[in-house]
Amino acid sequence: MPNLGFCVHGHFYQPPREDPLTGEIPVEAGAAPYRNWNERIHSQCYYPNALLQNFERISFNIGPTLMEWMFDYDPETQTSIIQQNQKNIEKNGVGNAMAQAYNHTILPLASAHDKITQVRWGIADFQLRFGYKPSGMWLPEAGVDDATLSVLADCGIQFTILAPWQADTNHLNTNQAYRVELPGGRDFNVFFYNQELSTRVSFDPASTVNADRFLAEHILPLFNMDISRNGSDLESQLVMIASDGELYGHHQPFRDKFLAYLLDGALRNHTVSLTYPALWLKQNPPQAVMKIRQSTSWSCHHGVLRWSGVCNCTPHSDWKMVFRLALEKLAEAIDAEYLRVLGGRLDDPWELRHRYIHVLHGVTTLEDLIYELSGWKPDTRSMRALEWLLRAQYERQRMFTSCGWFFDDYDRIEPKNNTAYAAQAVWLTRMATGVDLTELAGEHLEKVVSWRSGMRADNVFMRHLQRARRAWE
């Protein structure tokens, strides 16, 4: 008799809101009575879902930068989430938590070295929190291409979850997992979530008022139950919902309780079992092969255009292409200085950046890491410059956070934060090398203009740069 599996995946993530100078999130009036949106969403979503043990029953990923914030704000809730995943490891041998690329960068738009850094930083952060290497990784906005999957495979990741329109076919069966063939004779496993169910959960609150009815009317009909009862050799069937995790209690009040009862009440008297991707792969190795559509995402039907150009998903988006070009030019210049300083000392300066996350985590020191990679022991002055260079690389990664392009206008906190991270990277590069990239940044950022307010990105950049200079002085 075939295995009938049901899975809910929650993608839990918030844009970084920290001021790069203070490391603190400024007070956000719209989040009142809480100090900021992280605290408000935590109260409405992360905390109650942990309390209800929902993280034990779903598949989930939590953005590394969000986990870092939660560790400081509410370590008890973070510990509870980690323990709920551990229960599945003890029971099934594999966990239900997935990693995420570190800074929520749209990986098909990232350089080859940035893809690797984002994936390796995400893996390292997961391993730090959960205590083992992840087998699955959520791609930011489910942005995917073959090069991205190859990096995942190179780093030991076995699977990801995509939207059905990201499969390169018009005849997709989302009730099974697929193998994607990669160069070098490698395979990578991909799950495609059920579009109808996921859309209903995300955008039709009336349908999720009653969990028993939702199960009977929307989930069970997706299984071929008659053939299953007749003992046919029909292949196992998986129905998967994927959505932003914040809808369970934040975007939609009381849906944390809906989720809890759906998974630990409504399903009890049915032959459908709760599962999650790592467990499903263990029990049902995929046989079918599928190609993916290149440079696609789950939140934009125009590929990854929402984060790189003019897209009908967000009107007035001419500024996005200019903003991305400006940051890419700046990244090239920052990288050139990084390579100029380290190129003669390290065989592979990029490996130092890929492993810098362990310095940020306190697992090792930068001095020890440099010595391990090169046998070089920098003097005190050189060490200070190297610390600034690597911190500039950290800010340079942050400036490509996808949220900076998601909405329709530049005059929002997300793109302004990306600009502040860029200014911080420029300031740190200047401190390390004496090379000032301000003019280059201004030349490109002055073309990035809010269509609502007329705010220019170069002015935002200069304001942060002046703050950084005053703080240093």
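Name the residue from S308, S402, W280 whose Cα lies farthest towards the positive end of the charge dipole of the chain, charges +1 on Cβ of Lys and Arg and -1 on Cβ of Asp and Glu. Of the listed residues, the answer is S402.
The alpha carbon centroids of region 69-88 and region 1-34 are separated by 14 Å.
Computed over neighbours whose Cβ is under 13 Å from that of F6, the net charge equals +1, Lys and Arg +1, Asp and Glu -1.
Taking only alpha carbon atoms, region 308-472 gives an Rg to Rh ratio of 1.03, where Rh is the Kirkwood radius. Helical content alone sets the calculated 222 nm signal of the chain at -13500 deg cm²/dmol, taking -39,500 (n - 2.57) per DSSP H segment of four or more residues and averaging over every residue.
Only lysine pairs 8 or more places apart, or on different chains, with alpha-carbon atoms under 14 angstrom apart are counted in the chain, and they number 4.
Protection proxy ranking of 190-197, 93-100, by the mean of other Cβ atoms within 10 Å over each peptide's residues and highest first, is 93-100, 190-197.
When the alpha-carbon atoms of region 68-133 are used, the pair Rg, Dmax equals 13.8, 40 angstrom. Between region 401-456 and region 354-379, how many Å separate their Cα centres? Between the Cα centre of region 401-456 and that of region 354-379, the gap is 29 Å. With both residues required to sit in region 4-283, DSSP beta bridges show an antiparallel share near 15%.
When only the Cβ of Lys, Arg, Asp and Glu is charged (+1, +1, -1, -1), the dipole of region 190-292 relative to its Cα centre reaches about 120 debye. Counting Lys and Arg as +1 and Asp and Glu as -1 over every other residue whose Cβ lies under 13 Å from the Cβ of L197, the net charge comes to -2.
Shape summary of region 4-283, radius of gyration then Dmax from alpha carbon positions: 18.7, 65 Å. Give, in nm to one decimal, the length gained when the segment between K133 and Q294 is fully stretched (0.36 nm per residue of separation minus the Cα-Cα distance). 55.3 nm is the gain from fully extending K133 to Q294. Charges were assigned to the Cβ only: +1 to each Lys and Arg, -1 to each Asp and Glu. The resulting dipole of the chain about its Cα centre is roughly 180 debye.
For the chain, the spread of Cα coordinates along the three principal axes comes to 75, 50, 44 Å, biggest extent given first.
Values quoted throughout were computed directly from the atomic coordinates according to the rules given, and no laboratory measurement underlies them. Computed from a prediction, not measured in an experiment: that's the story for all the values here. Note: ideal-geometry Cβ built from the backbone for every residue, glycine included; neighbour counts use all protein chains shown.
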